[in-house]
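Here the structure is laid out as structure tokens; the discussion comes afterwards.
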Amino acid sequence: METEAIVIGAGAVGLACAAAIARSGRETLVLESAAGIGTGTSARNSEVIHAGLYYPTGSLRHRMCVRGRRQLYQWLSERGVPHRKTGKLIVGTSDAQIPRMETLFEQGRRNNVEGLHFLTRAEAIALEPELTCTAAVLSEETGILDSHAYMLSLQGDLEDHGGSVVIGAPVDQVEILPDGRFRLDVGGAEPASITTPILVNSAGLHAVRIARNMTGYAADLIPFFTLAKGNYFSCLTKPAFQHLIYPAPVEGGLGVHITLDLAGRMRFGPDVEWLGHDDPERIDYQVDLSRADQFYEAVRKYWPGLPDNAIATDYSGCRPKLSAPGEPAADFRIDGPDIHGHSGLVHLFGIESPGLTSSLAIADEVVGLLSDHV
């Protein structure tokens, strides 16, 4: 069996890449190991549309987030995908954190993020009376979306341009053929061998494993990889905030924050639980209720009014990390022919937050790296 393009992984980024390739006129197939689209990292996150202020200026995470966020709001509006521009307050809870808030504000300005304001304690509390803080950064462009509805819209766009998604189709092995094409051994209920000149590895938590199982690919080009689990708890009280509330960032993530869903319900998370291995088969999505004490402590630093017995376990997700605990957060890796020398091949490594926000921009970047074929 042959096709003109294959994308491995039907998460938000994989579907965005596939739709963009299909719009160029190539017959595009998405192979997904799970029983449905978007069941991994794309479905197990905060569903936040990030503005782009956290990331080092000029990094892929910065550029993809800011560009992708602008594209995403337009896409959602044009296709009627549920979303809301809620705004976000990033808060400092001690005088010692005020310089960190100032640094974050300046970082956002360098990143050309619109709608940023540095707020005093009084200004922040005027917006959110339940809040306790010493200073805050208001990001007006932050929002929330229905991530599954978004992925369905991407799948629809892919199918409108002749592409398709095959679920229950794990990629077991990839071979780089002498003529430069790629042969994929696909398992599942109907095993098959498929050949293609264009291959995008957007397998998320499994992307590094796919690269390791690629015959003819240099092992020294495959990055370090580990997993960090993020746990979420739901809030049983009525909503106390109109904005998303984030603390100052912490190692490995953005801290335990308060997000809202589109129905207005509050939830807390994620925390950072380093799993210390790179075996996706060992992922455990169960949320340990004993971690609730840490959530109470974290949230009460900026919302002391959180009542006892007000939170319940909700869900968890895993993030593909290219940096170890204690190291600076690694950038996205979008490895095209300029990195590895194989025309028609792009690996997407370490696509965690803000990957959902960045998905349309990442897709454009991937198409650009496939310019010899697309």
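First check a/c for the chain, with a ≥ b ≥ c the square roots of the eigenvalues of its C-alpha gyration tensor; if it is under 1.5, answer rounded, and if not, answer prolate when a/b is larger than b/c or oblate otherwise.
prolate
Taking only the Cα atoms of segment 222-374, the radius of gyration and Dmax are 18.5, 59 Å. Between segment 5-41 and segment 315-346, the C-alpha centres lie 18 angstrom from each other. Mean-square fluctuations from a GNM of the chain, with a 10 angstrom spring cutoff on Cα atoms, peak among Asp364, Asp293, Asp185 at Asp293. Each of Thr313, Gly68, Ala96 was scored by the projection of its Cα onto the charge dipole of the chain, and the greatest displacement toward the positive side belongs to Ala96; charges sit on the C-beta of Lys, Arg, Asp and Glu. Of all the options Leu221, Leu322, Leu15, the one that moves most in a Gaussian network model of the chain with Cα springs shorter than 10 angstrom is Leu221. Taking 13 Å as the cut-off, no amide N atom of segment 206-248 comes nearer than this to a point 7 Å along the Cα-to-beta-carbon line of Arg121. Of the chymotrypsin sites (Phe, Trp or Tyr not before Pro) in segment 254-349, the ones in a loop by DSSP (not H, G, I, E or B) with at most 13 other beta carbons within 10 Å are Tyr285. The tail of the calculated P(r) for segment 256-313, taken as Cα-Cα distances beyond 19 Å, holds 39 percent of the pairs. Find which of Leu119, Ala263, Trp303 sits farthest along the positive direction of the dipole of the chain, computed with +1 on the beta-carbon of Lys and Arg, -1 on that of Asp and Glu, about the Cα centre. My answer, from the dipole projection, is Leu119.
Throughout, read-outs are computed from the coordinates displayed, never taken from laboratory work. Remember, it's a predicted structure, so these values are computed and weren't measured experimentally. A quick note on method: Cβ atoms are made from the backbone with ideal geometry, for glycine too, and the neighbour counts reach across all protein chains shown.
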